[in-house]
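The values are calculated or read from the model by the stated rules, or taken from the named source; none is laboratory data. All figures in this text were calculated on a predicted structure; none of them were measured in a lab. Ideal geometry is used to build each Cβ from the backbone, glycine not excepted, and the neighbour counts take in all protein chains shown. To get the accessible areas, we keep the full protein, side chains included, count just its heavy atoms, and leave off ligands, DNA and RNA. Shrake-Rupley method; radii C 1.70, N 1.55, O 1.52, S 1.80 Å.
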Amino acid sequence: QVQLVESGGGLVQAGGSLRLPCAASRSIFSINVMGWYRQAPGKQRELVATITSGGRTNYGDSVKGRFTISRDNAKNTVYLQMNSLKPEDTTVYYCNAEVPGPDLWGQGTQVTVSS
């Protein structure tokens, strides 16, 4: 079973940038869709971005034009580049892999954007 480990979260000022890597414990070559989601306390999980094995991307409306998802199959890693961060981007970000059976999730990484 693949394990996903997120990192790169932290505290940043509004307008700043962060890059979140999601490292998988084995090859992600055969995993078609990987993505990032976020969930604030008491709120529903929100799509941030997904990427297919062919490089097709999809973004949530609130991050379009500011965030970029990419994947490096050779490094078994998916990245989320976050630019022009806003205080409302503050929450926990989770890495996701769509596999047969239940989706796989990482433990999450906290991103805090100060105004």
(request) Return the total of residues in the range 89-115 being closer than 17 Å to residue 32 by Cα, touching a residue at least 12 places away in the same chain (Cβ under 8 Å) and among the charged types (D, E, K, R). (result) 1
(message) Conditions first: (1) of a type in the set (Ser, Thr, Tyr); (2) open to solvent by less than 40 Å² (accessible area, probe 1.4 Å); (3) more than 15 Å from the chain's Cα centre (by Cα). Residue 91 passes all but one, so which condition is the exception?
(response) (3)
(request) Could you check the range 1-42 for strands (runs of 3 or more DSSP E) lying wholly inside it with 1 or more residues that are among the acidic types (Asp, Glu) and open to solvent by less than 60 Å² (accessible area, probe 1.4 Å)? (result) 4-6
(message) From the list 69, 51, exactly one residue is open to solvent by less than 30 Å² (accessible area, probe 1.4 Å), touching a residue at least 12 places away in the same chain (Cβ under 8 Å) and out of contact with any Phe, Trp or Tyr (no Cβ under 7 Å at 6 or more places or on another chain). Which is it?
(response) 51
